[in-house]
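Structure first, commentary second.
Here, each number is a calculation from the coordinates, and none is a lab measurement. Just so you know, these numbers come straight off a predicted model, no measurement behind them. Cβ atoms come from the backbone with ideal geometry, glycine included; neighbour counts cover every protein chain shown.
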Amino acid sequence: MEPAMKVPAFTLPGPLARLGARLPQLPPTLVLVGALNLALDRLLPRDTLEPLTGKRLLMKISDAGLALRFTFTPRGFRPLSGSEAPDLTISATARDYLALALREEDPDTLFFSRRLLMEGETDLGLLVKNTLDAVDWDALTARVPFLRAG
């Protein structure tokens with residue numbers, strides 16, 4: 001199935017990344033964990049994510065200057081504060097994360113072209129990648145009106 005929308009090529013301007021890095025990271029982290037928790041059980045299989053329990057995850061959106069720290073608990077995803085070293089860091093641009101979410105790009109292509117970077121516990125990175133691959137994106141597209149074609 002063709003993606004419902006095509007993500008245009010873009011890079012956020014450098015000043016935005018410098019500004020984003022200086023702003024509090026909790027608000028965008030709360031948005032991220034809220035979205036992940038909405039997807040939990042509907043799209044993301046909770047039992048598959050068990051190995052993430054208690055692990056410190058860091059999602060960097062490089063061109064926005066964002067560093068979103070969170071963890072997975074038996075009650076779902078939760079934001080983290082502090083600067084402890086993460087168990088897994090995933091880095092990409094805003095455009096590449098959006099392309100992943102819309103299935104325009106797959107994680108392997110981005111990884112091997114060095115546009116998606118994973119550092120830390122490789123087994124956790126593989127779990128995240130496999131979980132993304134297993135998501136029923138057609139079900140998501142059917143539930144979210146603005147992702148539908150036409």
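Here are some notes:
- For trypsin sites (Lys or Arg not before Pro), the sites in the stretch 1-76 that DSSP calls loop and that have at most 13 other Cβ atoms within 10 Å are Lys6, Arg42, Arg46, Arg75.
- Helix-only arithmetic for the chain: the sum of -39500 (n - 2.57) across DSSP H runs with n ≥ 4, divided by the residue total, places the mean residue ellipticity at 222 nm at -11000 deg cm²/dmol.
- Selected from Leu43, Leu117, Leu16 as most flexible by GNM, with the chain as the system and alpha-carbon contacts under 10 Å: Leu16
- Evaluated at q = 0.10, 0.16, 0.17, 0.21 Å⁻¹: base-10 log I(q)/I(0), Debye formula over Cα of the chain: -0.35, -0.96, -1.10, -1.64
- Near Asp106: Cβ cut-off under 13 Å, other residues only, Lys/Arg at +1 and Asp/Glu at -1. The net charge is -2.
- In the chain, Cα pairs under 8 Å separated by at least six residues give a relative contact order of 27 percent.
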